[in-house]
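The values are calculated or read from the model by the stated rules, or taken from the named source; none is laboratory data. Keep in mind that this is a model prediction, so the values were computed, not measured. With ideal geometry, Cβ positions are generated from the backbone for all residues, glycine too; neighbour counts draw on all protein chains shown.
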Amino acid sequence: MDAFRGITIVAMILVNNPGAWDEVYAPLEHAAWNGWTPTDLIFPFFLFIIGAAITFSLDQRRGRGARKREILASVARRTLLIFGLGIFLNGFPLFDWSALRIPGVLQRIALCYGVTSMLVMTSSVRRQFLTALLLVGGSWLLMVLTPDGWLRPEATFGARLDDTLLGGHLLHDGWDPEGVLSTFPAIATTLAGALAGHWLRSLRPLPTRVAGLAVAGVGATGLGLLLDRWCPINKSLWSASYVVFTAGAALIGLAVCFWLIDVRGHRRWATPFIVYGMNPIVAYVLSTLVAKEMFLWRVTGADGRTLDLHRYIFESIFLPLARPLNASLLYAAAYVLVWLGVASLLYRQRVLIKI
């Protein structure tokens, strides 16, 4: 699971830090609205593996004798901390509270983690499954209340809700891809990971557990593609078909990781991802902060132009090496390697920063 989590963090940093935003290969960009690209799989994969990890973490805490009240208090503190970090990242460096975006990636991670942890702590596996169905079905029913909601982001029921509750504090005018309504099916994605975690914790032989993940993944992926005919796959809406499709893809990805690492014993290839996966939130937060700082630092180029540090590095180091699209990708890959070095230092010193 550390390897799978690390893969998603690497992918997050890669797609969030191109050399130039106008020079990005299509698979490394989100779908404009309906549809999907490989980039649209990253966030649900991370929520999915959070859900899977929750089942193991809670089981370990119970095994150490922690009481339910202590565990719930710890979950609440971590939820608030991650949410607060998300607000900090959104506000940095100006912190204009009058227009600060309230939703965000870390905020959604926090809410999904907190709600799923409490559900895993207090309900049966069957109830967790039914809750996931209810969250997906309920959000879909609300979405169909606006017939043209699949066509324009600002026309959806979720957009109207966001504008009413958080107007002026959204990513776009009148709507946000991490808005209130779409957070509920995102919790369902996290619950899908928790269900996979329950399966992995069972006493069945490991090959059987891996095969079960793969079979369920193929089935869910196919069902998600089928549902796309009536309910478009849409990341911003976190539509029902998107939940099912991405959960299926995550199940397949997790099965492949378990098969390669735990069944076949091929571990060396996964080491960089495990390094990232041990401190995923730290890597994400620090890489985002530094990236923002680089747009603030001004540097005078050889031609006398004043550029931000990000642009200066891209134009002086990477752009001479390749055509713009490839140079932009090389910059992103180099940025991933830089943070791999930082994560490796933490890993070698056995520093695990729990956020």
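Any idea which of Val115, Val125, Val75 is over 19 Å from Thr288 (Cβ atoms), in contact with a His (Cβ under 8 Å, 6 or more places away or on another chain) and in contact (Cβ under 8 Å) with a residue 40 or more places away in the chain?
Val125
Criterion first (of a type outside the set (Ser, Thr, Tyr) and surrounded by 22 or more Cβ atoms within 10 Å (Cβ to Cβ)) does Ala291 satisfy it?
So Ala291 does not fit the description; no.
Trp199 - would you say it is under 30 Å from Gln60 (Cα atoms), touching a helix residue (DSSP H, G or I) at 6+ places or on another chain (Cβ under 7 Å) and aromatic (Phe, Trp, Tyr)?
Yes: the conditions hold for Trp199.
Here is a check on your reading of the model: is Ala334 in the same structural domain as Val285 (by TED's automatic domain parsing), over 18 Å from Asp22 (Cβ atoms) and in contact (Cβ under 8 Å) with a residue 12 or more places away in the chain?
When the stated conditions are applied, Ala334 passes them.
Please go through the range 95-114 and pick out each residue that is assigned to a loop (DSSP other than H, G, I, E, B) and under 15 Å from the mean Cα position of the chain (by Cα).
Within the range 95-114, Pro103, Gly104 qualify.
Going through Ile49, Ile54, Ile42 one at a time, which residue ends up being surrounded by 20 or more Cβ atoms within 10 Å (Cβ to Cβ), touching a Ser or Thr at 6+ places or on another chain (Cβ under 8 Å), in a helix (DSSP H, G or I) and without any contact (Cβ under 8 Å) to a residue 40 or more places away in the chain?
None of the others qualify; the one that does is Ile42.
Scan (1) at pLDDT 95 or above; (2) touching a Leu at 6+ places or on another chain (Cβ under 8 Å); (3) not acidic (Asp, Glu) for the single condition Leu195 breaks and write down its number.
That leaves (2) as the condition not met.
Tally time: how many residues in the range 212-247 are part of a helix (DSSP H, G or I), out of contact with any Asp or Glu (no Cβ under 6 Å at 6 or more places or on another chain) and free of Cβ contacts under 8 Å to residues at least 24 places away in the same chain?
Count: 5.
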